[in-house]
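Notes to accompany the following structure.
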Amino acid sequence: MPELPEVETTRRSVEPDLLDAVVVSASVRRPRMLRRQPHARDFADRLVGRRIGHVGRHGKFLKTELEGDITWVTHLGMSGRVSLARAGDPEVAHTNVIVGMDSGVEFRLIDPRTFGFVAAYTPEDLEFSSLAALGPDALDELPSSGRLHAALENRSAPIKPTLLDQRILAGLGNIYADEALSRAGIAPQRPAQSLERPEVVRLRRAIKGTLAAGLRYGGTSLDDLAYLLPDGRAGEYVKRLRVYGREGEPCRTCGTPIRREVLRQRSTHWCPRCQS
């Protein structure tokens, strides 16, 4: 596959397996996975012995709240995935982080390209981390069409890379940005500021519908199976993709061949007839 897409976040929660567990061990096999931790040794020191109070997410970041105001942050990067296993279960290749719980469950981060990372942040660390610059969550805090239009009206960049700017909307990745623009009937090359209010209304509806559908079918696992659900199952949304990865195939609406181009260094797919 020519490009590994950024892993999309899903709402399939790992919370039932982790909530109220106490962390008993934390092992990081690749130092690069701790590059966002101000002091690498703090990751294990801040996790071990603490009870998990909540498991959530903001955009593409998994946020696990531990007692004592510590936030354990996980980002999957472009090739990462989370697996929940039992202590002693065989490890798959590229298992770079293992966090063990007193319940016998292990949180494992598998990341062949090590674009992901883990960190354990204090409130002060969080204030200066990349999470502080995130925009509203595209799933849980999707702005009104009026606010979204205001966020786009001074952006001269094409709408596709603008949607990937996590400072505007947190959580949209390459696959779902293409799919949302397809649903909205908007060409990815259009300057963001050129969208009229009715088009933004359509785009907002399309973002909401695309993410809901992705979650319903467990996310998008491509042929390389770089992304899998925590229980090892493949996501089935790939069977329902409208444009992404379908270059040359007929549009599901009008039959026009789907086109692909690289837009701001990201592979982009669209229907030249349905998207204007």
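Among the residues of region 68-82, are any modelled with pLDDT under 95, part of a strand (DSSP E or B) and outside the structural domain of ILE207 (by TED's automatic domain parsing)?
In the first step, residues of region 68-82 are kept if they are modelled with pLDDT under 95; the result is 76-82.
Of the ones still in play, those that are also part of a strand (DSSP E or B) are 81-82.
Narrowing further to those that are outside the structural domain of ILE207 (by TED's automatic domain parsing): 81-82.
Yes, that holds for at least one residue.
Looking at the structure I just gave you, is ARG216 assigned by TED's automatic domain parsing to the domain that holds GLU153 and modelled with pLDDT of 95 or more? Show your work before the answer.
Details: assigned by TED's automatic domain parsing to the domain that holds GLU153: yes; modelled with pLDDT of 95 or more: no.
When the stated conditions are applied, ARG216 does not pass them.
Looking only at region 132-165, count every residue that is more than 15 Å from ALA192 (Cβ to Cβ) and among the polar types (S, T, N, Q) and tell me the total.
Number satisfying all stated conditions: 1.
Checking LEU195 against (1) under 28 Å from CYS251 (Cα atoms); (2) free of Cβ contacts under 8 Å to residues at least 60 places away in the same chain; (3) not assigned by TED's automatic domain parsing to the domain that holds VAL243, which test does it fail?
(3)
Inside region 109-129, can you point out the residues that are hydroxyl-bearing (Ser, Thr, Tyr) and either outside the structural domain of VAL99 (by TED's automatic domain parsing) or crowded, with 23+ Cβ neighbours inside 10 Å (or both)? Break it down stepwise before answering.
At the first step, the residues of region 109-129 found to be hydroxyl-bearing (Ser, Thr, Tyr) are 114, 121-122, 129.
Hit for region 109-129 is TYR121, nothing else.
Looking at this structure, is GLY100 at pLDDT 95 or above, part of a strand (DSSP E or B) and out of contact with any helix residue (DSSP H, G or I) (no Cβ under 7 Å at 6 or more places or on another chain)? Before you say what the answer is, go through the steps one by one.
Working: at pLDDT 95 or above: yes; part of a strand (DSSP E or B): yes; out of contact with any helix residue (DSSP H, G or I) (no Cβ under 7 Å at 6 or more places or on another chain): yes.
Against the criterion (at pLDDT 95 or above, part of a strand (DSSP E or B) and out of contact with any helix residue (DSSP H, G or I) (no Cβ under 7 Å at 6 or more places or on another chain)), GLY100 qualifies.
Of the numbered conditions (1) surrounded by 15 or more Cβ atoms within 10 Å (Cβ to Cβ); (2) at pLDDT 95 or above; (3) out of contact with any Cys (no Cβ under 9 Å at 6 or more places or on another chain), SER182 satisfies every one except a single condition; which is it?
Looking at each condition in turn, SER182 falls short on (3).
Does region 188-222 hold any residues that are of a type in the set (Gly, Ala, Ser) and either buried (at least 24 other Cβ atoms within 10 Å of the Cβ) or out of contact with any strand residue (DSSP E or B) (no Cβ under 6 Å at 6 or more places or on another chain) (or both), and which are they?
ALA192, SER194, ALA206, GLY209, ALA212, ALA213, GLY214, GLY219, SER221
Name every residue in region 236-276 that is in contact (Cβ under 8 Å) with a residue 12 or more places away in the chain and among the β-branched types (Val, Ile, Thr), in order of residue number.
VAL238, VAL243, THR253, THR256, ILE258, THR268 - these are the residues of region 236-276 that are in contact (Cβ under 8 Å) with a residue 12 or more places away in the chain and among the β-branched types (Val, Ile, Thr).
Based on this model, can you work out whether VAL55 counts as at pLDDT below 95, assigned by TED's automatic domain parsing to the domain that holds ARG113 and of a type in the set (Val, Ile, Thr)? It would help to see each step written out before you state the result.
Details: at pLDDT below 95: yes; assigned by TED's automatic domain parsing to the domain that holds ARG113: yes; of a type in the set (Val, Ile, Thr): yes.
The answer is yes for VAL55.
Any residue at all in region 172-187 that is within 19 Å of ASP137 (Cα to Cα) and of a type in the set (Asp, Glu)? Before you say what the answer is, go through the steps one by one.
Residues of region 172-187 within 19 Å of ASP137 (Cα to Cα): 172-181.
Checking the rest, the ones that are also of a type in the set (Asp, Glu) come to 178-179.
Among the residues of region 172-187, at least one is within 19 Å of ASP137 (Cα to Cα) and of a type in the set (Asp, Glu), which makes the answer yes.
I'd like the residue in region 90-108 that is crowded, with 20+ Cβ neighbours inside 10 Å and β-branched (Val, Ile, Thr) and, out of all such residues, is nearest to ALA40 (Cα to Cα).
Among those residues, the one meeting the criterion is VAL97.
Residue check: is LEU229 part of a loop (DSSP other than H, G, I, E, B), of a type in the set (A, V, I, L, M) and either out of contact with any Lys or Arg (no Cβ under 7 Å at 6 or more places or on another chain) or at pLDDT below 90 (or both)? Break it down stepwise before answering.
On the way: part of a loop (DSSP other than H, G, I, E, B): yes; of a type in the set (A, V, I, L, M): yes; either out of contact with any Lys or Arg (no Cβ under 7 Å at 6 or more places or on another chain) or at pLDDT below 90 (or both): yes.
Yes.
I'd like the full set of residues that are of a type in the set (D, E, K, R) and touching a residue at least 40 places away in the same chain (Cβ under 8 Å), limited to region 64-94.
Taking region 64-94 and keeping what is of a type in the set (D, E, K, R), we get 65, 67, 69, 81, 86, 89, 91.
Across region 64-94, the qualifying residues are ASP69, ARG81.
The values are calculated or read from the model by the stated rules, or taken from the named source; none is laboratory data. What you are looking at is a predicted structure, and each value in this text was computed from that prediction instead of being measured. Methodologically, a virtual Cβ is constructed for each residue, glycine included, from the backbone with ideal geometry; neighbour enumeration extends over all protein chains shown.
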